[in-house]
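A short worksheet on the structure shown next.
What follows is calculated from the coordinates using simple rules that are stated; it is not laboratory data. Computed from a predicted structure; not experimentally measured. Here the Cβ positions follow ideal geometry from the backbone for every residue, glycine too, while neighbour counts run over all protein chains shown.
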Amino acid sequence: MSKKLKLPQQPTEFRIRLPRQGEVLGVLEQRLGASRTRVRCFDGVTRLCRIPGRLKRYLWVREGDILLIEPWKDSTEKGDIIFKYNPNHVAWLKEKGYIKDIDTTQEFQEF
């Protein structure tokens with residue numbers, strides 16, 4: 001039998017969803033139930049966010065996750081969760097300066 005040939009390791013490239021105009025990064029503070037969450041956003045506002053119906057089955061979030069939030073146009077205290085970043089994406093965002101290097105437990109004490 002022949003052995004399977006191994007290809008040389010190449011760095012994996014991935015595309016990351018970056019915040020567009022009107023979108024904000026945030027950290028999930030608390031899950032409230034009924035697809036509602038409390039998110040501390042990087043612009044200093046704590047928002048009551050919901051997971052839209054089209055993402056309910058596919059987007060599972062926990063406390064401490066980095067999320068992409070779209071604030072509502074008529075209310076600055078509410079918003080929708082658009083995207084959840086995995087740990088590789090979070091490391092890349094920190095490296096590029098989109099997220100300052102912070103602890104997950106004491107991240108927003110200065111706000």
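The residue 30 and residue 95 beta-carbon pair, evaluated with R₀ = 22 Å, returns a calculated FRET efficiency of approximately 0.20. Straight-line reach from residue 56: taking Cα to Cα under 22 Å and skipping same-chain neighbours fewer than 8 places apart, the lysines in range are 73, 78, 84. Projected label points at residue 18 and residue 74, each 7 Å from Cα along the beta carbon direction, are separated by 3.3 nanometres.
Here the simple spin-label model places points 7 Å from the Cα toward Cβ, and for residue 88 and residue 3 these points are separated by 2.6 nm. DSSP beta bridges confined to the range 44-95 are antiparallel in about 60 percent of cases.
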